Amino acid sequence: MTEPSATRPSTPAHPSADHPPLLEVRGLSVRFRMPGGRHVAAVSDAGFTLEAGQCLALVGESGCGKSVLASALLGLLPANAQTAGTARTAGTELLTADEAVLARTVRGRLVGLVPQSPAAHLTPVRTVGAQLAETARALTGLRGEAAARHAAGAAERAAYPADHLDRYPHELSGGLAQRAATALALVGDAPLLLADEPTTGLDRDLVEHTADELRRQVDRGRALLLITHDLAAAQRTADRVAVMYAGRIVEIAEADRFFGDPGPRHPYARGLLNALPERSFTPIPGLPPELGDLPAGCAFAPRCSKSDGRCASQRPVFAGGTACHHPEGAAP
Amino acid sequence: MIELDGITAGYDRRTPVVRGASLSLAPGEAVGLLGPSGCGKSTLARVVALLHRPEAGRLAVDGEPVCAWRHRAPRRLRTAIGVVFQQPRLAADPRLRLVDLIAEPLRATGRREGAARRAAELAETVGLTGELLRRRPHEVSDGQLQRACLARALVLRPRLLVCDEMTAMLDASTTAALVAAVESYRAASGAGLLAVGHDRVLLGRWCDRTAEWEDVATG
């Protein structure tokens, strides 16, 4: 296991007041055992908190460990995964919970999942209304007419049109399929929503629409962990942004500071923003490292213009909102 | 030079997806075609890439009218046009190592000689190196696989590159890297580009000009 040692502090968790945060993740590590005794460190020592009525966007390139983190929170990791650390929501420890607890109290009830590709998530041979009612029966124990009413309520909150409840998934446009999937996540009234790349492959109008709908759920008091590589969607929805690189969270910042002035502090986060076509459109040189063969020091050092001997040998600790030996600007 | 005139195409004769589409690309020009999801822009891209036979209309490549599509198209036309699709996972043979994926068009057109060397050279220009080239698609990320798919599209040195939502699945840095690779190939070869997508900011920055779907097609 990648043991987060006492001398290497995790991301500081700072619940704003006396009430505990809705989701508190500390020192979360996931690694996969591979054939031949190799290990792949998909997530290392991740830590963050999330309050009700807040959205945290977790951004990073594909293969950086974002989705593995989401799977860990829902207990959906494959059998060869080993986890360490804690992830607590509403008094339940998610990482060590057994399948019965996850199935009966966590999935759908405490944590609602808005999936990556709604078209693939929905059962193709059943109508949206039937799938919503089934979910309502399973999660709330309601039967018959009451379950159907509960399902229709969830559809309404997700802005899914009531006259489309008898449609099959293939009869829906991309945007409506996305709303149907969101409605399914809302049926159990879970206080925490987890959206895994909800905007991938959608066009700009639909991205904005989906982002706004997720934001509406947040404004109604839900907490949202938005996992995405789409910086525009993150900017539209999030209160805070966490940047992940090679399995580690390298920066957590307020969204205003991150996308506006003074901008991110970590060179990788700055590079990611500068790669946008509305900014300088220059890629970060090189490729991310293999998660099975991470360097001893900072994982970004080989691609970083600021790196020196210290970066190559010594992993930076997370402090002042970033994990970097040469951060830009002052800590907020 | 590419000319599309009154192209009607689709998957059901009664309800064509593309109606009366007209567009022309000057030699070496980069044109971005913008439209919302489901408007038919990908179908039009497939017509240009000789992968989908239109029901009506005219397509000419360098002044020569095209009268056969898919396997019926003459090889010299097929090899003049390279294509990159939106989803690299669906566009890559899962059995092939990346180096063989990139070299496949050379082998398929009887140019085995030096195919692996040419593939490795090209791989470097799209940012893939060493050990990655010996992996199969399931062992690499979407971004890395799309880099290989771009190299495969360039391996026959096409005069026109068709990119259908090439970067829709990718993060900002990989997007910028792939666009830079396309542009350096175009600068060296003078090839034209038809980039299809919905990201106005991206295509506006990337292409010489952009065309709106409603100005290109009638329905």
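With each label modelled as a point 7 angstrom along the Cα→C-beta vector, the B:ALA60-A:ASP212 pair spans 4.5 nm. For chain A, DSSP calls about 60 percent of its internal beta bridges antiparallel.
Each of A:HIS170, A:TYR160, A:ALA147 was scored by the projection of its Cα onto the charge dipole of the range A:140-219, and the greatest displacement toward the positive side belongs to A:ALA147; charges sit on the C-beta of Lys, Arg, Asp and Glu.
Among beta bridges from DSSP that stay inside chain B, the antiparallel ones total about 40%.
FRET efficiency for the B:ARG111 to B:GLN87 pair, using the beta carbon distance and R₀ = 45 Å, is estimated at 0.95. Volume of the convex hull of the range B:1-155 (Cα atoms only), normalised per residue: 132 Å³. For A:LEU23, the shell of other residues with beta-carbons less than 9 Å away shows a net charge of -1, using +1 for Lys and Arg and -1 for Asp and Glu. Once you reduce the range A:290-309 and the range B:121-194 to the center of their Cα atoms, the two points are 24 Å from each other.
Spin-label pair A:ALA331-A:ALA79: with each label point 7 Å from Cα along the Cα-Cβ axis, the two points sit 4.5 nm from one another. Dividing the mean sequence gap of close Cα pairs (under 8 Å, 6+ apart) by how many residues chain B holds gives a relative contact order of 31 percent.
Note on B:ARG75 and B:ARG134: the extension gain reaches 18.3 nm, defined as 0.36 nm multiplied by sequence separation minus the Cα-Cα distance. What helices does chain A have that are whole DSSP H segments, at least 15 Å long along their own axis by Cα, and with mean Kyte-Doolittle hydropathy of -1.0 or more? Within chain A the helices that satisfy the rule are A:128-140, A:144-157, A:174-186. Label positions at A:GLU93 and B:ARG205, each projected 7 Å from the Cα along the C-beta direction, are separated by 4.6 nm. Among A:MET34, B:MET1, B:MET166, A:MET244, sorting on how many other beta-carbon atoms sit within 10 Å of each Cβ, with the fewest leading, yields A:MET34, B:MET1, A:MET244, B:MET166.
Tilt of helix B:172-189 relative to the longest C-alpha principal axis of chain B, in degrees (0 to 90, nearest 10)? Taking the Cα atoms of chain B, the angle to B:172-189 is about 80 degrees. The convex hull built on the alpha-carbon positions of the range B:87-219 has an orientation-averaged projected area of 8.8 nm².
Ranked from largest, the principal axis spans of the Cα set of chain A equal 67, 46, 44 Å. Axis angle, to the nearest 10 degrees, between helix B:142-154 and the longest C-alpha principal axis of chain B: 70 degrees. Between B:THR125 and A:ARG143, the FRET efficiency from the beta-carbon distance, with R0 = 60 Å, is close to 0.45. In order along the range B:105-111, phi translates into HN-Hα couplings of x, 5, 5, 5, 10, x, 10 Hz, rounded to whole numbers, per the Karplus curve 6.51 cos²θ - 1.76 cosθ + 1.60 with θ = phi - 60° and x for Gly and Pro.
Of the three principal axes defined by the Cα atoms of the range B:92-149, the extents in descending order read 30, 22, 16 Å.
Expressed per residue, the C-alpha convex hull volume of the range A:185-332 stands at 138 Å³. Using equal-weight Cα scatterers in the Debye expression, the normalised intensity of the range A:136-198 in log10 at q = 0.27 Å⁻¹ is -1.22.
Computed from the coordinates by the stated procedures, all read-outs in this text should not be read as laboratory data. A quick note: this is a predicted structure, and the numbers were derived from the prediction, not measured. Neighbour counts run over all protein chains shown; Cβ positions are idealised from the backbone, glycine included.
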